[in-house]
Amino acid sequence: MAQYTAEVLWQRGEQDFLGNRYSRRHVLRFDSGVEVPGSSSPHVVPVPMSDASAVDPEEAFVASLSSCHMLWFLSIAARRAFCVERYFDAAVGVMAKNAAGKMAMTVVTLRPEVTFSGERLPTREQLDQMHHEAHEECFIANSVKTEVRCEPVYGEL
């Protein structure tokens, strides 16, 4: 069993909390010491109470799924002796009402575009198989109810 931690810190300062006129900007701190500015999404809480330049929970959720899939994909490709030069994913999450009528991330679509080098290049079938295996192994995808889709972007192989 492994344990993962994150610290989230928000402070009121002189803000009008009871009047609901306070900034949702906060700090996300990870065990490595990295600090990331966080905020509510401007789609949920209007600016200036939200900070559009900070990471909101919905973006972090999509990034977490994308990052986990990528890390598994890289591991699988390396084991199969395919040299990955570049991995890019323009992942998108959709917020909508779920079956219970509650707002939720209902679909996350990963769109990985992978570039390989060397003499050994995967076929499209091998790529699909690696993405499928990465999806099956992804700890984050296995942890959520949200449908997580993977739609790789293929260039020339």
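Computed quantities for the displayed model
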quantity	calculated
Some residue of region 134-143 being at negative phi, surrounded by 13 or more Cβ atoms within 10 Å (Cβ to Cβ) and without any contact (Cβ under 8 Å) to a residue 60 or more places away in the chain	no
Qualifying residue in region 53-66 (condition: over 26 Å from Leu28 (Cβ atoms) and of a type outside the set (Gly, Ala, Ser))	no
Cβ-Cβ under 7 Å pairs, at least 6 apart or on other chains, region 116-132 side in the same structural domain as Asp89 (by TED's automatic domain parsing), far side outside any strand (DSSP E or B) and of a type in the set (Val, Ile, Thr)	Met130/Ile76
Met105 crowded, with 17+ Cβ neighbours inside 10 Å, touching a helix residue (DSSP H, G or I) at 6+ places or on another chain (Cβ under 7 Å) and assigned to a strand (DSSP E or B)	yes
Boolean, Phe88 is aromatic (Phe, Trp, Tyr) and touching a strand residue (DSSP E or B) at 6+ places or on another chain (Cβ under 7 Å)	yes
Unique residue being within 16 Å of Met105 (Cα to Cα), surrounded by fewer than 17 Cβ atoms within 10 Å (Cβ to Cβ) and at pLDDT 95 or above when the list is Glu59, Glu35	Glu59
Meets criteria (under 30 Å from Gly13 (Cβ atoms), within 15 Å of the chain's Cα centre (by Cα) and not assigned by TED's automatic domain parsing to the domain that holds Phe17) for Ala63	yes
Count of residues meeting criterion [among the hydroxyl-bearing types (Ser, Thr, Tyr) and more than 30 Å from Ser40 (Cβ to Cβ)] in region 95-130	3
Region 94-106, residues that are among the β-branched types (Val, Ile, Thr) and modelled with pLDDT of 95 or more	Val94
Test result for Phe139, of a type in the set (A, V, I, L, M, F, W, C) and in contact with a strand residue (DSSP E or B) (Cβ under 7 Å, 6 or more places away or on another chain)	no
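The values are calculated or read from the model by the stated rules, or taken from the named source; none is laboratory data. Note that this is a predicted model, so its numbers are computed, not measured. Positions of Cβ are backbone-derived with ideal geometry, glycine not excepted, and every protein chain shown enters the neighbour counts.
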